Amino acid sequence: LKFGGGNCMAWGCFGWFGVGALARVVGNLNSEQLLHIFTECLLPTLENAALDPCMPPLLELIFQQDNDPKHTSGITKRWLEENHIRVMEWPANSPDLNPIEHLWFYLKQLLAKYKEMASSFTEHWSRIAEVWKEIPIDYCRSLIESMPRRVQAVIKAKGGRTKY
């Protein structure tokens, strides 16, 4: 919320199945809070995804995250290994390749459709959670399907900026 209304930080995930769990980040996100979010949100999302007969088994799913230090810390890496979560190798400084950024932008567009600003943090978070669930599966799939084009664009730009 701008202009003195505070801010709201969230962690969310998505896949071929659509959006997964969404968690409110309290204060500055650190490795400890991230592992709590992984336990409460990521694991159930992956387990639910693996139940879909169209999805590969849990051990074959690949989790993508960026190289933020809390994502690559020893404690986080150990937790991911202990929970048998495969992580995609990720180049440093690669926002053009991160489809979640487009999902956050889309979420903000949906939130902008409210005629009045939220009157409180609680109302704002409620709206975020409500709109998150409305993100179409097809939109998530289009982001995933765009990955080969994104990679090609980055290669063509020799690591420079792309339209993504």
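The values are calculated or read from the model by the stated rules, or taken from the named source; none is laboratory data. The model shown is predicted, which means the values in this text are computed figures rather than measured ones. Backbone-built Cβ (ideal geometry, glycine too); neighbour counts: all protein chains shown. All accessible areas refer to the heavy atoms of the entire protein, side chains included, with ligands and DNA or RNA removed. Shrake-Rupley method; radii C 1.70, N 1.55, O 1.52, S 1.80 Å.
Taking the options ASN28, ASN48, ASN67, name whichever one is surrounded by fewer than 16 Cβ atoms within 10 Å (Cβ to Cβ) and not in a loop (DSSP other than H, G, I, E, B). Before you say what the answer is, go through the steps one by one.
On the way: ASN28 fails: not in a loop (DSSP other than H, G, I, E, B); ASN67 fails: not in a loop (DSSP other than H, G, I, E, B).
Result: ASN48 is the single residue among ASN28, ASN48, ASN67 that is surrounded by fewer than 16 Cβ atoms within 10 Å (Cβ to Cβ) and not in a loop (DSSP other than H, G, I, E, B).
State yes or no: is ALA23 within 13 Å of the chain's Cα centre (by Cα) and either among the small types (Gly, Ala, Ser) or loosely packed, with under 15 Cβ neighbours inside 10 Å (or both)?
Working: within 13 Å of the chain's Cα centre (by Cα): yes; either among the small types (Gly, Ala, Ser) or loosely packed, with under 15 Cβ neighbours inside 10 Å (or both): yes.
So ALA23 fits the description; yes.
Can you say whether TYR106 is touching a helix residue (DSSP H, G or I) at 6+ places or on another chain (Cβ under 7 Å), assigned to a loop (DSSP other than H, G, I, E, B) and under 21 Å from ARG24 (Cβ atoms), as far as the supplied structure shows? Walk me through how you get there before you give the answer.
Values: touching a helix residue (DSSP H, G or I) at 6+ places or on another chain (Cβ under 7 Å): yes; assigned to a loop (DSSP other than H, G, I, E, B): no; under 21 Å from ARG24 (Cβ atoms): yes.
Against the criterion (touching a helix residue (DSSP H, G or I) at 6+ places or on another chain (Cβ under 7 Å), assigned to a loop (DSSP other than H, G, I, E, B) and under 21 Å from ARG24 (Cβ atoms)), TYR106 does not qualify.
Would you confirm, using the coordinates I've provided, whether HIS36 is surrounded by fewer than 15 Cβ atoms within 10 Å (Cβ to Cβ), at pLDDT 90 or above and outside any loop (DSSP other than H, G, I, E, B)?
yes
Filter segment 52-74 for residues that are in contact with a helix residue (DSSP H, G or I) (Cβ under 9 Å, 6 or more places away or on another chain) and aliphatic (A, V, I, L, M); which is nearest to ALA10 (Cα to Cα)?
LEU61
Does SER126 satisfy the condition of being of a type outside the set (Lys, Arg) and farther than 28 Å from TYR164 by Cβ? Explain how you work it out, then say what you get.
Working: of a type outside the set (Lys, Arg): yes; farther than 28 Å from TYR164 by Cβ: yes.
Yes, satisfied.
Answer yes or no: is there a residue in segment 148-161 that is outside any helix (DSSP H, G or I), modelled with pLDDT under 90, open to solvent by 90 Å² or more (accessible area, probe 1.4 Å) and more than 29 Å from LEU46 (Cβ to Cβ).
Taking segment 148-161 as the starting set, the residues that turn out to be outside any helix (DSSP H, G or I) are 157-161.
Remaining after also requiring modelled with pLDDT under 90: 157-161.
This time we only want the ones that are open to solvent by 90 Å² or more (accessible area, probe 1.4 Å), so: 158, 161.
This time we only want the ones that are more than 29 Å from LEU46 (Cβ to Cβ), so: 158, 161.
Yes: segment 148-161 contains one or more residues that are outside any helix (DSSP H, G or I), modelled with pLDDT under 90, open to solvent by 90 Å² or more (accessible area, probe 1.4 Å) and more than 29 Å from LEU46 (Cβ to Cβ).
Check segment 71-84 and report whether any residue there is part of a helix (DSSP H, G or I), under 30 Å from LYS158 (Cβ atoms), at pLDDT below 95 and not acidic (Asp, Glu).
Yes, segment 71-84 contains a residue that is part of a helix (DSSP H, G or I), under 30 Å from LYS158 (Cβ atoms), at pLDDT below 95 and not acidic (Asp, Glu).
Has segment 151-160 got at least one residue that is within 20 Å of the chain's Cα centre (by Cα) and in contact (Cβ under 8 Å) with a residue 40 or more places away in the chain?
Within segment 151-160, one or more residues are within 20 Å of the chain's Cα centre (by Cα) and in contact (Cβ under 8 Å) with a residue 40 or more places away in the chain.
Hey, could you check segment 51-62 for residues that are open to solvent by 90 Å² or more (accessible area, probe 1.4 Å) and outside any loop (DSSP other than H, G, I, E, B) and say which is farthest from VAL87 (Cα to Cα)?
So the residue we want is LEU51.
Just to verify a result, which residue in segment 113-142, among those that are aliphatic (A, V, I, L, M), under 18 Å from ARG24 (Cβ atoms) and in a loop (DSSP other than H, G, I, E, B), is farthest from the chain's Cα centre (by Cα)? Walk me through how you get there before you give the answer.
Going through segment 113-142, the residues aliphatic (A, V, I, L, M) turn out to be 117-118, 128-129, 131, 135, 137.
Keeping just the survivors that are under 18 Å from ARG24 (Cβ atoms) gives 118, 128-129, 131, 135.
Among the residues that remain, those that are also in a loop (DSSP other than H, G, I, E, B) are: 118, 135.
On the way: ALA118: 23, ILE135: 13 Å.
Checked segment 113-142; the qualifying residue farthest from the chain's Cα centre (by Cα) is ALA118.
Kindly provide the set of residues from segment 105-123 that are under 29 Å from LYS163 (Cβ atoms) and either surrounded by 14 or more Cβ atoms within 10 Å (Cβ to Cβ) or in contact (Cβ under 8 Å) with a residue 24 or more places away in the chain (or both), ordered by number.
Those that are under 29 Å from LYS163 (Cβ atoms) and either surrounded by 14 or more Cβ atoms within 10 Å (Cβ to Cβ) or in contact (Cβ under 8 Å) with a residue 24 or more places away in the chain (or both): TYR106, LEU107, LEU110, LEU111.
Return the only residue of LEU61, LEU80 being in contact (Cβ under 8 Å) with a residue 12 or more places away in the chain and under 30 Å from LYS163 (Cα atoms).
Being in contact (Cβ under 8 Å) with a residue 12 or more places away in the chain and under 30 Å from LYS163 (Cα atoms) holds for just one of LEU61, LEU80, which is LEU61.
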